[in-house]
1. Output the residues belonging to region B:21-55 that are exposed (fewer than 15 other Cβ atoms within 10 Å of the Cβ), within 25 Å of the chain's Cα centre (by Cα) and part of a helix (DSSP H, G or I).
2. Of the residues that make up region C:55-62, is at least one at pLDDT 90 or above, more than 7 Å from chain A (Cβ to nearest Cβ) and assigned to a helix (DSSP H, G or I)?
3. Residues in region C:13-48 that are assigned to a helix (DSSP H, G or I) and in contact with a Ser or Thr (Cβ under 8 Å, 6 or more places away or on another chain): how many?
4. Residue under question is residue B:183, and the condition is that it be more than 21 Å from residue A:129 (Cβ to Cβ) and either out of contact with any Asp or Glu (no Cβ under 9 Å at 6 or more places or on another chain) or in a helix (DSSP H, G or I) (or both); does it hold?
5. Could you check, for region C:8-23, whether at least one of its residues is more than 7 Å from chain A (Cβ to nearest Cβ) and in contact (Cβ under 8 Å) with a residue 40 or more places away in the chain?
6. Please state which one of B:138, B:152, B:163 is aliphatic (A, V, I, L, M), part of a helix (DSSP H, G or I), at pLDDT below 85 and surrounded by fewer than 24 Cβ atoms within 10 Å (Cβ to Cβ).
7. List every residue pair whose Cβ atoms sit under 9 Å apart, with the two residues 6 or more apart in sequence or on different chains, where the first one lies in region B:201-218 and is closer than 11 Å to residue B:301 by Cβ and the second, anywhere, is surrounded by fewer than 19 Cβ atoms within 10 Å (Cβ to Cβ) and at pLDDT below 75.
Amino acid sequence: MISYIFIFLAILAVASALAVVISRNTVNSALFLVLTMVALAGVYLLLQAQFVAVIQVIVYAGAIMVLFLFVIMLLNLDAEKSLFNKLRVKYFVAFIFGVAVLAQILYSMGTVSNMLPEISPQMAQIGTVEAIGDVLFKEYILPFHIVALLLTAAATGALLIAQHTINPVTEKND
Amino acid sequence: MEPVTSTSYIVLGVALFMLLNSAALAVYFERRIAAFIQNRVGPNRVGPLGLFQPLADVVKLLLKEDVTPTQGYRVIHTIAPVIPVFTALMTAAVIPFGEGLYVTDINTGVLYLLAITSLGVYGVTLAGWSSNSKYSLLGGLRAAAQMVSYELPLGMAIASCILFSQSLSVVDVANSQEFWWNIFRNPIGAVIFVVATFAEANRTPFDLVEAEQELVGGFHTEYSSMKFGMFFLAEYMHVMIGSMLITTFFFGSYHLPFAGYWLPEITGMWKVILDVSVFTAKTVFFAFVFIWVRWTIPRFKYNQVMKLGWKKMLPLSIANFMVLAVLIYAYYNFL
Amino acid sequence: MISIDWYLALSAVLFCIGIIGVLIRKNAIVIFMCVELMLNAVNLSLLSFSSYHGNVDGQILVFFSLAVAAAEAVVGLAIIIAIFRNNLSVDVSRINLLRW
């Protein structure tokens, strides 16, 4: 049962990830990325990491991708007309690069296959909010504060960059 | 996570059935109550007391012509109305309707509710964008900005409830209110939650999204026929879901006030009937409040909505959360 | 039960799709989305190791990576908006001036 769900979610994730790359319309790309995120949240549930699965939906699908959609809609970008109709060297190079990386990762994985066949039985207790909160607020309290600072800095920085101040034309002495 | 039992399926079926029907009934009662408040008669022709009016409305919507803007994006235009209905129905999965009467009890239930709410933004945004019309786009962006802003006070208000239940499971939140409802322990949180729920459901006084004077129909300007009907249905389902959430988080869920102190122990069928009727009565009352407010209070201006959300409710909710956290810590450690 | 290899393979495939996207697309926003895709792929492999080892640290790392991704998205999109204001395009091949 779990294998079938995994295969379904994996195909969904990969297909929508491909669609992100090859769709001409930017809004479609963003929506397919949302689909990838939701499919990955499902995969996290299969890994019994419930907290991270929910957080993934809240942060990625609910916040970050909404921001992307906002920006795309407000900039009102045209769909790219020529995505693949010219055969250019660039695409081949990119494709070869990507496949090379994939082959390398899969090769290094293949040498140690069947290393960890089962999800650890402790996961039923570890994936819960209580367990994560316990570790997060005891062992990782300093990184947690640093991340809080980082987020504040990012929000302030974004406001500064995006703020469009037109210098008022000074009409002094002609 | 608990195994799924046959009770889950029965509760799920009944809950979805009631939710869909209650949306239709809410449409009828909205019109009747509006008429009552404005000293009119309201719809009273179709069936006894006009009770079949929702059916007539549905038939009317189904028979209308379905128009898609030529310059719009057809696929997204079709998918968008389904999203709000879908997310509204998904919330029913974790709400407890009585002692042991819930579909599932996940230990991140509250976060699940927040996640589902945040997905509802896509419906209005995409509807506004795919119509390819200025009014729709502006309405959609307004709706999305408003929903995103009011999610934060909503989340903080819920977080201050979690302090009392000490668990993120919605069932535990409901059970923790057996003696004291959360409204008595956390009144500021309750006010914030109710206001934020109104804003999330895009209801008056926060229905800027469809302010006729400014935006024609807002994000559903270009929608007709059953696609419009889906938005209509979603709005009333959000009213019902909002009432259920207010009941669950602040008004004792299926418990009578201070039930733990005076209510004798009852078991079996009577317990189920009592729980469900108490829950239903509260939900109906809050649905009535939603309608009542709509016909009483005028609409805010958009800058006022945003100012209220970001400058008043968010700091207030955070301060409320921190004060409560300190008080509860002191209560458990020093008293 | 499926072994960890499958999760890692899914993660690797998603990562490479992200790489290819970054290399072939010219729209800055799509490139940015592909970067998010790569981050997600890495999160998946962290989480799968975390669950198969029964060690909670991987999940904490994913939590931090989500926070950093949020910060990155906010600043990145602000920069993209600023670029769009200056040359009315988000095509990365047209952003070739160091001064104007």
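1. Of everything in region B:21-55, those that are exposed (fewer than 15 other Cβ atoms within 10 Å of the Cβ), within 25 Å of the chain's Cα centre (by Cα) and part of a helix (DSSP H, G or I) turn out to be B:21, B:36, B:37, B:55.
2. Among the residues of region C:55-62, at least one is at pLDDT 90 or above, more than 7 Å from chain A (Cβ to nearest Cβ) and assigned to a helix (DSSP H, G or I), which makes the answer yes.
3. 14
4. yes
5. Checking region C:8-23: not a single residue is more than 7 Å from chain A (Cβ to nearest Cβ) and in contact (Cβ under 8 Å) with a residue 40 or more places away in the chain.
6. Of the residues listed, the single one that is aliphatic (A, V, I, L, M), part of a helix (DSSP H, G or I), at pLDDT below 85 and surrounded by fewer than 24 Cβ atoms within 10 Å (Cβ to Cβ) is B:138.
7. The qualifying pairs are B:208/B:214.
To keep it simple, each residue is scored yes or no on (1) charged (D, E, K, R); (2) surrounded by fewer than 17 Cβ atoms within 10 Å (Cβ to Cβ).
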| site | (1), (2) |
| --- | --- |
| B:234 | no, no |
| B:253 | no, no |
| B:258 | no, yes |
| B:267 | no, yes |
| B:275 | yes, no |
| B:293 | no, yes |
| B:307 | yes, yes |
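The values are calculated or read from the model by the stated rules, or taken from the named source; none is laboratory data. All figures in this text were calculated on a predicted structure; none of them were measured in a lab. Heads up, the Cβs are rebuilt from the backbone with ideal geometry, glycines too, and the neighbour counts pull from every protein chain shown.
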